[in-house]
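Let me begin by presenting the structure, written as structure tokens, before commenting on it.
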Amino acid sequence: MNQKQRHNDDLPEPIPADPVGQDVSAGPETEVTDLEVDSNSEQSGNDDWYEQQEFVADPKQSLIRLDRFLMDRLSNRSRSKVQNAIRAGSVKVDNLDVKPNYKVKPGNHISIVLPKSLEEVHNITPQNIPLEIIYEDEEVLIINKPYKMAVHPGVGIPNGTVVNAVVWHLREQLEQLPVKDGNEADRAGIVHRIDKDTTGLMVIAKKEYAMVHLANQFFQHTIERKYWALVWGDLKRDSGTVIGNIGRNPNDRKLFMVFPEGDDGKYAVTHWKVLERFYYVTLIECQLETGRTHQIRVHMKSIGHTLFGDPRYGGNQILKGTLYSKYKQFVESLFTILPRQALHAKVLGFTHPRTGEHVRFESELPQDMQTVLKKWREYVHSRKELL
């Protein structure tokens, strides 16, 4: 028996994947992904931020402007919000784009996509919290969210969030906003989330039109979102797609899981590819097609590749490797450096609400992930028999 074979025999038994975590699509290796949710962090995925409503005009419907037709059927939506939604392409009449002054005709099928009603910015306490701003113009603000910062206030997190910091940053703009229909004509808007302990890129809409425009892009899944993640294990293939419904674990409401197709949960798709292999762990890039809660974390765990360091899904335990005490000490030292899931929102691309051009932003990995990757490279290089 050679040294490499003897080394493999030292590996502990792998943690089995969930029964529902089998590959569920043809082609390259398929796995399942999920966005994260902590007890004091965002409690719903990005796709849960938006709502689509549909209406069919009565056969006896008199001719009426589209914005007035929708105003009569939508609660807590000002005329300006409805008009912005129409201009942003979030309203379709018989699957076609129309103008706000379009006259609704009998039998028209009308659909509208809007962000769900959230707290207005005047209910948020402005806080002078530094933001790492990647880009800013009149319509959008791109930030690099740090570790331990929640996106918005919630249970157990009354302040210190991205929203508190953004309201402070935009305080002069917000104070000058006109009021129409009893509501603010424009407001800063959070159009997607990343979990408290996940780092990376976020886009904030600075105006209402931009918010509706971006919300429609997220709803239609045309936003480019790529995450870098370090996962336990050596994936068999170089790329793949995970398709699987995601929902709350009935045995623990703080956790999410993958359900067999059609059983429960919400449809979710994650595309992944290998970036670098470290024998016991693998650096991958995940491109989200949907935005379910804990999508990447849940999908990867379900196929036996839990995110490294993930305390909620068991990634902060040694799931692959040798039984040697030095290896245990090495991995535990990495958990100290990275006391969270190794997940970073690295790429964000979308159609700019004002110019209509595709814009794309990329951020460097945070220092904790960079350090852990460097140490894994050094470890693998020092163990020649692993190569």
For H169, the lone unmet condition from (1) over 30 Å from A57 (Cβ atoms); (2) surrounded by fewer than 18 Cβ atoms within 10 Å (Cβ to Cβ); (3) at pLDDT 90 or above is (2)
Of those in region 262-308 that are of a type in the set (K, R) and surrounded by 22 or more Cβ atoms within 10 Å (Cβ to Cβ), the residue nearest to G233 (Cα to Cα) is K301
Only one of (1) assigned to a loop (DSSP other than H, G, I, E, B); (2) over 20 Å from the mean Cα position of the chain (by Cα) does not apply to R292, and that is (2)
Within region 203-242, the residues that are open to solvent by 50 Å² or more (accessible area, probe 1.4 Å), within 28 Å of K145 (Cα to Cα) and of a type outside the set (S, T, N, Q) are K207, Y209, F219, H221, W228
Might you let me know whether region 64-76 holds any residue that is at pLDDT below 95, touching a helix residue (DSSP H, G or I) at 6+ places or on another chain (Cβ under 9 Å) and among the polar types (S, T, N, Q)? no
Those residues of region 48-102 which are in a helix (DSSP H, G or I) and open to solvent by 50 Å² or more (accessible area, probe 1.4 Å) amount to R68, M71, R79, R87
Filter region 312-366 for residues that are of a type in the set (S, T, Y) and open to solvent by 40 Å² or more (accessible area, probe 1.4 Å); the one that is modelled with the lowest pLDDT is Y324
Check: For Y135, are the conditions met, namely being in contact (Cβ under 8 Å) with a residue 24 or more places away in the chain, touching a Lys or Arg at 6+ places or on another chain (Cβ under 7 Å) and of a type outside the set (A, V, I, L, M, F, W, C)?
Finding: no
Here the residues within region 367-378 that are surrounded by fewer than 13 Cβ atoms within 10 Å (Cβ to Cβ) and of a type in the set (D, E) are E378
Practice prompt. May I ask you to verify whether I284 is in contact (Cβ under 8 Å) with a residue 12 or more places away in the chain, assigned to a strand (DSSP E or B) and farther than 22 Å from P339 by Cα?
Written response: no
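The values are calculated or read from the model by the stated rules, or taken from the named source; none is laboratory data. All values reported here derive from a predicted model rather than from experimental measurement. Note: ideal-geometry Cβ built from the backbone for every residue, glycine included; neighbour counts use all protein chains shown. We work out accessible area using only protein heavy atoms, side chains counted, and drop any ligands, DNA or RNA first. Shrake-Rupley method; radii C 1.70, N 1.55, O 1.52, S 1.80 Å.
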